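Everything below concerns the one structure shown next.
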Amino acid sequence: GLIVAGILGSYSLGANNIGNVMGVFLSSSPFTGFQIGGLVITGTQQLFFLGAIAIGVGVITFSKPVMMTVGKGILPLTPVGAFVSVVSHAVVLFLFSSAGLQHFLLSHGLPAIPLIPVSSSQAIVGAVVGIAAMNGTRGLRQIRWGQVGGILAGWVATPVVAGVFCFVSLFVMQNVFAQKVFVPIEYELRASEMKRLEEAGLPVEELRPLLGRRIASGEVFLYQIGKRLTLEPGQDRLVLALAEVV
C-alpha cells in the first residue's frame, strides 16, 4: 500500500511541479519534434523528459534530509498515517493538474479547478498536521511546532530570496555581459487569425475593431477582448496563441 501511495504521489508531483522546473523554458526551448515510426516526440515532451531526469537525480542526491523532516521531524507517522498523508498530498496535486477533470467539470456545468502549480510541501505538511489534528489536543501537542515554524519561514523567505537573486542575476547579465534578458511579446488580430477564431466558434464580428491593432501586453489584449465578448474557459489561451506576433 505504501509503495502504491508513493507511486501515486510521485506521479502527481511530476504532473504538477514539472511546470515549475521546465515550464519557463517553453518559449526558448532548443528542441524540435521528431518521429520514430508512428510515434511523434514533440520539443515540449523532450524538455519535460530532461526535467524529469533532473528531478530524479535530485531525489537520489539531496532528498534524504527533507524526507526525514517530513517523515519524522514534524510528527512521527505510523504506516497508516504515512499512507493517508501521501495519498492526500497526491490527490491535491492531481486536482490542480488534470485537464480531463477540468473538462469533465465544465461539461457538467460545474466550476472548474484551475490548472496551476501548487506547493507540494504545503500539501504534505498540511496533511501531516491534519493527521495530528484528528486526534485532537493530544495529537496537536505531539507536533514539533518549532520545525513547522521553520518550514513556514521557508515558505515566506523562498519567493523573496528567489526574486532578489533573479533580479541581481539578470541585472548583471544585462549590464555587465550585454545579454538580452527580456523579449517583449505583442499581440495582433489579423485576417488569418480571425478566420481561425471563427472556425473555433467565436463571434468574430465583435472583434472587428481590434483587427490590425497591435497590443504589447497579453493582459491588455485579453481585457480588450473581454470588453467585446465573454470567453469560455480555455478560449483565452487559444486567442493568445493565435494572436501572438512571432
Amide H of Ile74 versus every other amide H placed in the peptide plane: which residues, excluding those fewer than 5 positions away on the same chain, fall under 5 Å? none
Using the Karplus equation 6.51 cos²θ - 1.76 cosθ + 1.60 (θ = phi - 60°), what ³J(HN,Hα) coupling, rounded to whole Hz, does each residue of the stretch 176-190 give in order, writing x for Gly and Pro? 9, 9, 6, 9, 7, 10, 9, 10, x, 10, 10, 10, 8, 8, 10
Under a no-solvent Debye model with one identical scatterer per Cα of the stretch 87-246, what's log10 I(q)/I(0) at q = 0.16, 0.19 Å⁻¹? -1.05, -1.14
Taking the 0 to 90 degree range and rounding to the nearest ten, how far is the long axis of helix 145-175 tilted relative to the main principal axis of the chain, both from C-alpha atoms? 40 degrees
Kindly write out, for the stretch 218-233 in residue order, the coupling ³J(HN,Hα) from the Karplus curve 6.51 cos²θ - 1.76 cosθ + 1.60 (θ = phi - 60°), rounded to whole Hz, with x marking Gly and Pro. x, 5, 5, 4, 5, 5, 5, 5, x, 5, 10, 7, 9, 8, 7, x
Rg and Dmax in Å for the stretch 187-243, alpha carbons only: what are they? 9.9, 26
Along its principal axes, what span do the Cα atoms of the stretch 2-143 show, with the longest given first and each in whole Å? 58, 45, 26
Per the helix-only model, the chain has a calculated mean residue ellipticity at 222 nm (DSSP H runs of ≥4, -39500 (n - 2.57) each, divided over all residues, rounded to the nearest 500) of -19500 deg cm²/dmol
Residue by residue through the stretch 201-216, what is 3J(HN,Hα) from phi via Karplus (6.51 cos²θ - 1.76 cosθ + 1.60, θ = phi - 60°)? Round to whole Hz and write x for glycine and proline. x, 8, x, 6, 4, 5, 9, 4, x, 8, 4, x, 8, 8, 10, 8
Given backbone amide H placed at 1.01 Å from N, residues whose amide H is under 5 Å from that of Leu189, ignoring those fewer than 5 places away on the same chain, are Gly212, Arg213
Helix 2-22 sits at what angle to the longest principal axis of the chain, using alpha carbons and giving 0 to 90 degrees rounded to 10? 40 degrees
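Readers should treat all values here as calculations from the given coordinates under stated rules, not as data from a laboratory. Just so it is clear, the model here is predicted, and its values are computed rather than measured.
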